[in-house]
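**Q** Would you mind keeping the following structure in view while I ask a few things?
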Amino acid sequence: MKLKLTDFVKNSLLLSSGVGIAQVLPLVFYPILGRIFAVDEFGLLATLTAITSILVVVSTGKYEGGILIADNKREAAALAVLSLLLAGVFLIVSYLVMQLLMAGALSRWLNEPGLYKWLFICPLSAFSIVVFNVYNEWCVREKYFKALSVNKIVNSGAIVLGKLLCGLAKVVPQGLVVGDTAGRMVTAVVCWWRALRLDSAWFQQVTWADIKTGARRYIEFPKYNMPGQLLNAVGMQAPLLLIAAFFNKTEVGYFSMAMAVFAIPITVISGALRDVFRQRANEDYKATGSCRQVYKKLVIPLSASALLALLAFVWFLPWLTTLFLGNQWLVTGHYAQYLAPAMALSFVANSMSGVFIVAEKLRALFYWQVYYVVSTLVAVIVGGYFCKSMTATVLLFSVLRGSAYLLSIIMTYIISKGGGKSSSKLIAVSRCVAYNTKTKRK
């Protein structure tokens, strides 16, 4: 146990250090980017990113989520290939549909007449993100935590550098959007190269039979996890789209900057902790049918850290915002102040959310995501349509989004208990039966 705990701490520190460097890069350059680009340019990027994020979830059927829990390495490789193939086909079709049938309607609804010119950005960025996500799942499975840490730095650095170069050169319109997409594409190429360099033999062994078997074996991911993750993506991105519809892209710029500067670093750090936690939790759950012990050891210090950070910084967020971004971003500082309690809860909830996958409680995760989306939509619609106030919208958003994260913490704590060793044996037997069935079919 001591050895395992030591490995857990070492992996956590390794990933956290990489994530820390990855977050320092954009935070260092945000003051420059905030002065190079106008607020409405950030609004356009946020709108395109919202569309992209929804495409990412649907494009793979979330089959990449099965890479971690696959029975063997070849099966995991088949799921990776399946995810990339599905994404490629879906994104091409979705672009044609958006460009030929929906461009005018989207432009009018989102108060952005020139949006149709930039819709091609969405599938390009989406496929790049899919490659990054698949590589992330592979690294977690194989415990390539160093490679994963380096890749997060590459991803952050490439995106920031792309934005900066396009902003300074001013050779293309909407340099913020172009630079963001170019950076993500560079990251995807690096992921592809590193994956083939490390494990190309496994991917070369994958056959159509392996892909079809994996698609059938992990059909619950597109049936339950994908709809749930789609709801999650809608819950994350719908506020930006609705704010664009109810208000304007300047308000989208203020709000999206608050989420970028303050919420995204929290999400990325908690994501790194989740990656390490769920790998350890997966081992414990397979061995004992429970991951409550490691859950408690992580959730308590995380909760304390989130509370202390909230109390220490919430009062100074408007001043910090203008200091780093300039006086034109004061509104963003106030929005971040309103959002701070929900951000603190999200840090804890996102870190522990891997329990849903480890315990294969996809239906429970789906139910939570329904509440997450509904509460988010209610907040923005009430604030935007009925109150017609951006301040009211942000306050309602923070309260209801925070309630969703609190519910997630309660649910994962309950699920982490599992069913003990008897449950572990049942899981092992069921997986053995599934594997023997597949072997006979082959």
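**Q** Do we have TRP329 as of a type in the set (Phe, Trp, Tyr), modelled with pLDDT of 90 or more and surrounded by fewer than 20 Cβ atoms within 10 Å (Cβ to Cβ) here?
**A** No: the conditions fail for TRP329.
**Q** Could you say whether any residue in region 148-169 is over 20 Å from THR267 (Cβ atoms), within 19 Å of the chain's Cα centre (by Cα), in a helix (DSSP H, G or I) and hydrophobic (A, V, I, L, M, F, W, C)?
**A** no
**Q** Counting only residues that are more than 27 Å from ALA404 (Cα to Cα) and either touching a Lys or Arg at 6+ places or on another chain (Cβ under 8 Å) or not β-branched (Val, Ile, Thr) (or both), give me the helices (runs of 4 or more DSSP H) lying completely in region 194-283 with at least 2 of them.
**A** 208-217
**Q** Would you mention how many residues in region 49-98 are assigned to a helix (DSSP H, G or I), charged (D, E, K, R) and under 30 Å from ALA244 (Cβ atoms)?
**A** 1
**Q** Among the residues of region 143-162, are any more than 30 Å from GLU283 (Cβ to Cβ) and touching an Asp or Glu at 6+ places or on another chain (Cβ under 7 Å)?
**A** The answer is yes; a qualifying residue exists.
**Q** Answer yes or no: is there a residue in region 101-110 that is of a type in the set (A, V, I, L, M, F, W, C), out of contact with any Cys (no Cβ under 7 Å at 6 or more places or on another chain), part of a helix (DSSP H, G or I) and modelled with pLDDT of 90 or more.
**A** No, region 101-110 contains no residue that is of a type in the set (A, V, I, L, M, F, W, C), out of contact with any Cys (no Cβ under 7 Å at 6 or more places or on another chain), part of a helix (DSSP H, G or I) and modelled with pLDDT of 90 or more.
Residue-wise test of (1) among the aliphatic types (A, V, I, L, M); (2) modelled with pLDDT of 90 or more; (3) surrounded by 15 or more Cβ atoms within 10 Å (Cβ to Cβ); (4) within 20 Å of the chain's Cα centre (by Cα).
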| residue | (1), (2), (3), (4) |
| --- | --- |
| TYR371 | no, yes, yes, yes |
| PHE386 | no, yes, no, no |
| PHE397 | no, yes, yes, yes |
| SER408 | no, yes, yes, yes |
| SER423 | no, no, yes, no |
| ALA434 | yes, no, no, no |
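**Q** Answer yes or no as to whether ALA209 is buried (at least 22 other Cβ atoms within 10 Å of the Cβ) and within 29 Å of LYS73 (Cα to Cα).
**A** In short, no.
**Q** Another question about this same structure. Taking region 383-414 only, how many residues are more than 20 Å from LEU110 (Cβ to Cβ) and in a helix (DSSP H, G or I)?
**A** Number of matching residues: 22.
**Q** Go through region 155-170 and report how many residues are over 16 Å from ASP275 (Cβ atoms) and in contact with a Lys or Arg (Cβ under 9 Å, 6 or more places away or on another chain).
**A** Count: 3.
**Q** Here's a follow-up. Among the residues of region 331-366, which ones are of a type in the set (Ser, Thr, Tyr) and either within 19 Å of GLU137 (Cβ to Cβ) or touching a strand residue (DSSP E or B) at 6+ places or on another chain (Cβ under 9 Å) (or both)?
**A** SER351, SER353 - these are the residues of region 331-366 that are of a type in the set (Ser, Thr, Tyr) and either within 19 Å of GLU137 (Cβ to Cβ) or touching a strand residue (DSSP E or B) at 6+ places or on another chain (Cβ under 9 Å) (or both).
**Q** Can GLN337 be described as surrounded by 18 or more Cβ atoms within 10 Å (Cβ to Cβ) and at pLDDT below 90?
**A** No: the conditions fail for GLN337.
**Q** Moving on to the next point. Consider only pairs whose beta carbons are under 6 Å apart and that are at least six residues apart or on different chains; among these, list those whose first residue lies in region 84-105 and is free of Cβ contacts under 8 Å to residues at least 40 places away in the same chain and under 15 Å from VAL131 (Cβ atoms) and whose second residue is of a type outside the set (Gly, Ala, Ser) and assigned to a helix (DSSP H, G or I).
**A** Filtered contacts from region 84-105: LEU86/THR60; LEU91/PRO123; LEU91/PHE127.
**Q** Quick one: is VAL234 in contact (Cβ under 8 Å) with a residue 24 or more places away in the chain and within 19 Å of LEU106 (Cα to Cα)?
**A** It is true that VAL234 is in contact (Cβ under 8 Å) with a residue 24 or more places away in the chain and within 19 Å of LEU106 (Cα to Cα).
**Q** Right, here's the next one. Collect the residues in region 225-257 that are more than 17 Å from the chain's Cα centre (by Cα), among the small types (Gly, Ala, Ser) and crowded, with 20+ Cβ neighbours inside 10 Å, keeping them in residue-number order.
**A** Residues satisfying the conditions are ALA244, GLY253.
**Q** Here's a follow-up. Kindly indicate which of VAL97, VAL178, VAL131, VAL89 is among the β-branched types (Val, Ile, Thr), surrounded by fewer than 21 Cβ atoms within 10 Å (Cβ to Cβ) and at pLDDT 95 or above.
**A** Answer to the selection: VAL89.
The values are calculated or read from the model by the stated rules, or taken from the named source; none is laboratory data. Keep in mind that this is a model prediction, so the values were computed, not measured. Methodologically, a virtual Cβ is constructed for each residue, glycine included, from the backbone with ideal geometry; neighbour enumeration extends over all protein chains shown.
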